[in-house]
Amino acid sequence: MRGLALLLLCLAVTSGCDSPEHAHSGAPRTYRMGFSAIPPTNDFATTLLALETWTRRADGAILHVSPPWEGLLAGIPADSLVRGNELGLANYYRAKGLDIVVVLDLTDGLNRAQEAPALLAAGRSLTEPAVQQMVRSYAAAMDTLLHPARMAFAAETNLIRLAAPPAVYAAVVQTANAAAADVRALDPSVREGVSIQVEVAWGRLGSPTPVYAGVAQDLADFPFVQDIGLSSYPYLGGFAEPEDVPADYYRTVADEVARPVLLVEGGWASASELQSSPAEQARWIKREAALLDRASAVGWYQLTFTDLSLSAFPQPKGSVLPLFTTLGLVDTTLAPKPALEQWDEVFARPHTP
């Protein structure tokens, strides 16, 4: 990543703010659109080409990051770690004219029942005050150096509360609130929040009779939030077809929180092994735009622009990563899937906040 950051610094200087022209059509959209820099493979050239491809069809970018635990535990200053990694990417995005959103992920993104793998490997825990202070220092450095428009201080908080030990959730609450207060003191302009898991809010994970449970506990536990991020993978929540997702799926959450909402991760897989297809995925992109329109969302961010090569991301046996490897709008060689055309049609609509 450090080599990538250096190259992106060069690209930022040479590319300026040029972006391709889009023919605006249709009703205005209230949300910015974009992706993250997760690469399809370990191939450096493909990673750079993917970035150049998706930034031409985006007006925002998201950095969904775990604290760099190895470096922080080794005593490396947080600002040095950010300068050596995320800063180059953020400068590249800013040179492209993209709005930047940051989401800090404090636990294991692929297993919310557990703490971050790097912490577990080191025999440490977020429940330790010293580890919480590392997160606070990292959050402050991310804001000070990257100047994001929005920052979430924890991801999928309702799913963590459902799956993780109570002590871990309590540590997430304490850490996020403290980090948010630190950042607010440094930067009154950044909009602060957390993200929640929409399928959990609707009671759709593991329940035979889903009932909307809401996110009132999250609002109580994180009183600083100005925005609520949405994580949504409806194909994992029991929906067989994109059209089965109710029209008020996101609007109900938005109405409850009475704050702006933005999609910070999600999608619909295209793999036949998951009883889906590229055509079905394209229908979801069209459906999701309608759901976000209805919710007057302020952001639509997919973490993966490309499909992922499992060989590039080795995981332990039993990992759920295969459920998420075909969320991209292009495949691992950057060949477009039908969903890309649907995305481009929505992006062509003028953005009116």
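The values are calculated or read from the model by the stated rules, or taken from the named source; none is laboratory data. Note that the structure is a prediction, hence the values are computed from the model and not measured. FYI the Cβ positions are ideal-geometry reconstructions off the backbone, even for glycines, and counts take in every protein chain you see. Note: accessible area is taken over every heavy atom of the protein model, side chains too, but ligands, DNA and RNA are not part of it. Shrake-Rupley method; radii C 1.70, N 1.55, O 1.52, S 1.80 Å.
In percent, how large is the relative contact order of the chain, given Cα pairs closer than 8 Å and 6 or more residues apart? Mind dumping the intermediate values first?
On the way: 658 pairs, mean separation 75.7, N = 353.
So the answer I get is 21 percent.
Find how many whole Å separate the alpha carbon centroid of the range 118-138 from the alpha carbon centroid of the range 273-329.
If you average the Cα positions of each part, the centres end up 30 Å apart.
For G109, what is the net charge nearby, where nearby means another residue's Cβ is under 14 Å from its Cβ and Lys, Arg count +1, Asp, Glu -1?
Residues near G109 contribute -4 overall.
So what is the calculated 222 nm ellipticity per residue for the chain, using -39500 (n - 2.57) for each DSSP H run with n of 4 or more, over all residues, to the nearest 500 deg cm²/dmol?
On the way: 14 runs with 142 residues, N = 353.
-12000 deg cm²/dmol, from helical runs alone.
Cross-link candidates for K337: which lysines have Cα within less than 27 Å, leaving aside residues fewer than 8 places away along the same chain?
Reachable lysines: K96, K286.
Residues in the range 151-188, backbone N under 11 Å from the label point at A113 (7 Å along the Cα-to-beta-carbon vector): list them, ranges by number please.
Within reach of a label on A113, which here means backbone N under 11 Å from a point 7 Å along Cα→Cβ, the range 151-188 contributes 163-165.
Once fully extended, how much extra length lies between S189 and A213, figured as 0.36 nm per residue of separation less the alpha-carbon to alpha-carbon distance?
Length gained between S189 and A213: 5.5 nm.
Round to a whole number: what % of the accessible area of the range 85-147 belongs to carbon and sulfur, probe 1.4 Å?
Summing carbon and sulfur atoms, their accessible area is 54 percent of the total for the range 85-147.
Given the alpha-carbon gyration tensor of the range 197-289, what are the semi-axes of its equivalent ellipsoid in whole angstrom, ordered largest first, with each equal to the square root of 5 times an eigenvalue? Show your work: numbers first, answer last.
Details: eigenvalues 126, 42, 23 Å².
So the three semi-axes of the range 197-289 are 25, 14, 11 Å.
With Cβ to Cβ distances under 10 Å as the rule, what net charge do the other residues near T157 carry (K, R +1; D, E -1)?
-1
How far apart, in nm, are two points set 7 Å out from the Cα along the Cα-to-Cβ line at Q133 and at A335?
Between Q133 and A335, the label points sit 5.4 nm apart.
Apply 1/(1 + (r/R0)^6) to the Cβ-Cβ distance of D255 and A220, taking R0 = 22 Å, and write down the FRET efficiency to the nearest 0.05.
0.80
How high is the FRET efficiency from L310 to S80, r the C-beta distance, R0 56 Å, rounded to 0.05?
After rounding to 0.05, the efficiency reads 0.95.
Enter the accessible area per residue of the chain (Å², integer; probe 1.4 Å; all protein chains in place).
40 Å²
Given a Förster radius of 41 Å and the C-beta distance between T352 and L162 as r, what FRET efficiency does 1/(1 + (r/R0)^6) yield to the nearest 0.05?
That pair, T352 with L162, gives E of 0.65.
At a threshold of 8 angstrom on Cα-Cα distance, excluding pairs fewer than six apart, so keeping six or more, what relative contact order does the range 237-353 reach in percent?
That works out to 29 percent.
Given the Cα-Cα distance of S277 and D43 and 0.36 nm per residue of separation, how much length would full extension add, in nm? List each step's numbers first, then the result.
Numbers: separation 234, 0.36 × 234 = 84.24 nm, distance 2.61 nm.
My answer for the length gained is 81.6 nm.
Shape of the chain from its Cα gyration tensor (a ≥ b ≥ c, root eigenvalues): rounded if a/c is under 1.5, otherwise prolate when a/b > b/c, or oblate?
Numbers: a/c = 1.33, a/b = 1.09, b/c = 1.22.
The shape class here is rounded.
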